[in-house]
């Protein structure tokens with residue numbers, strides 16, 4: 001197959017993309033800096049380059065420089081964050097294809113293969129020009145016309161996706177100010193609000209309030225659902241197993257079994273809690289005492305949420321504004337991360353996270369504490 005270069009500032013990105021391209025049969029060379037990439041292309045006759053946009057690298061600048069050095073070599077850009085306007089900008093500066101996250105071998109194969117097919121045509125000067133009505137002239141004209149048409153169609157497709165993304169609503173203001181957590185019961189989102197000691201059932205389609213349940217004897221901070229029950233945890237660490245009815249009827253209480261809780265999750269067998277003060281994850285056996293089976297050190301700055309996506313655990317780091325992925329076998333290790341650019345401006349602090357089977361949702365509190373809470377549906381999928 002082809003010799004492909006990978007230019008990414010972060011070594012983990014180079015390794016991941018290199019493995020994927022290697023599985024597709026390509027010979028891969030990785031580079032952390034532009035100078036290395038240009039040297040690789042010269043020495044190893046690289047046929048295409050895959051650049052990573054993000055992680056401290058600006059692919060727009062890198063694309064311009066690579067094309068200036070090697071005008072006929074296709075450049076494919078892999079985005080770390082879904083952004084239609086960014087994709088359009090990269091296509092305009094010369095990127096042949098843009099790959100959106102999460103990266104998969106299938107997407108890389110399609111994009112790199114397309115770039116190699118339209119790698120460019122080397123034109124040499126001939127003393128005798130073909131006659132205007134020769135077959136060569138017509139074939140060249142048709143090829144140039146088709147190539148131009150494909151480029152325009154690709155640009156229009158990206159611009160169309162950008163317009164659709166702009167029209168889609170992914171952020172909503174909520175009628176509360178102090179959200180503490182978020183949960184999903186299979187049909188509705190449940191917002192936990194500590195200040196008013198309330199639970200709000202929200203429609204995922206338009207976030208309208210379907211049900212409000214006020215608790216007078218406790219201050220809820222997190223919730224999770226199983227097929228048979230609703231689990232909640234209060235500020236004093238008391239975990240309560242409840243019926244899945246409109247009254248949230250209590251069934252079993254576990255006093256002070258989850259102190260300083262920043263999140264609650266159920267993996268199908270065990271209940272998990274996240275202690276924000278001790279910064280530990282705890283795995284509980286669902287028995288009469290909610291026995292702690294294991295404790296794992298949590299690595300991050302400010303724990304704010306916990307969720308299970310059907311395969312792995314994710315924790316929310318409010319300080320770094322990202323989701324951290326943890327395997328069930330070694331939860332103390334971070335095996336992946338998803339940044340949350342929706343909080344980059346600093347107006348909101350994420351305080352809870354949920355997973356609806358397809359997308360992550362987070363809820364944030366206004367930094368000044370006076371504005372309405374914000375609900376965000378994230379476009380980045382689990383991986």
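Values quoted throughout were computed directly from the atomic coordinates according to the rules given, and no laboratory measurement underlies them. Not measured: the values here are computed from a predicted model. Reconstructed Cβ throughout: ideal geometry from the backbone, glycine too, with neighbour counts over all protein chains shown.
Find the relative contact order for region 193-307 and round it to a whole percent, using C-alpha pairs within less than 8 Å whose residues are 6+ positions apart.
It rounds to 16 percent for region 193-307.
Can you tell me which of 196-203, 293-300 comes out highest on packing, and rank the rest after it, using the mean Cβ neighbours within 10 Å?
196-203, 293-300
Any idea what Rg and Dmax come out to for region 309-383 if you just take the C-alpha atoms, in Å?
Computed over the Cα atoms of region 309-383, radius of gyration and Dmax are 12.7, 41 Å.
What relative contact order, as a whole-number percentage, does region 239-383 give when Cα pairs under 8 Å and 6 or more residues apart are counted?
Here the relative contact order equals 13 percent.
At a Förster radius of 30 Å, what calculated FRET efficiency corresponds to the Cβ-Cβ distance of residue 366 and residue 278, to the nearest 0.05?
Numbers: r = 28 Å, r/R0 = 0.92.
It comes to 0.60.
Label point 7 Å out from residue 64 along Cα-to-Cβ: which residues of region 78-118 have amide N under 17 Å?
86-96
I'd like the Kirkwood hydrodynamic radius of region 1-68, using the inverse of the mean 1/r over distinct C-alpha pairs, in Å.
Hydrodynamic radius (Kirkwood, Cα only) of region 1-68 equals 11.8 Å.
With label points built 7 Å along Cα→Cβ from the Cα atoms of residue 10 and residue 297, find their separation and express it in nm.
Reported label-point gap for residue 10 and residue 297 is 2.2 nm.
Can you tell me the order of 35-46, 252-263 when each peptide is scored by its average per-residue count of other Cβ atoms within 10 angstrom, highest first?
In decreasing order of mean packing, 35-46, 252-263 become 252-263, 35-46.
Which of 70, 348 has the fewest other C-beta atoms within 10 Å, and how do the rest follow up to the most?
Ranked by crowding around the Cβ, least crowded first: 70, 348.
What percent of all Cα-Cα pairs in region 198-269 falls in each 5 Å bin, counting up from 0?
Final binned percentages: 4, 16, 25, 26, 19, 8, 2, 0.
In whole Å, how far is the Cα centre of region 46-81 from that of region 266-328?
Cα centroid to Cα centroid, the span is 38 Å.
Once the piece of chain linking residue 270 and residue 177 is laid out straight, how much longer is it, given 0.36 nm per residue of separation minus the C-alpha distance between them?
30.3 nm
Using the per-residue mean of other Cβ atoms lying within 10 Å as a proxy for protection, in what order, highest first, do the peptides 321-332, 177-188 fall?
Listed from highest to lowest mean packing, they are 177-188, 321-332.
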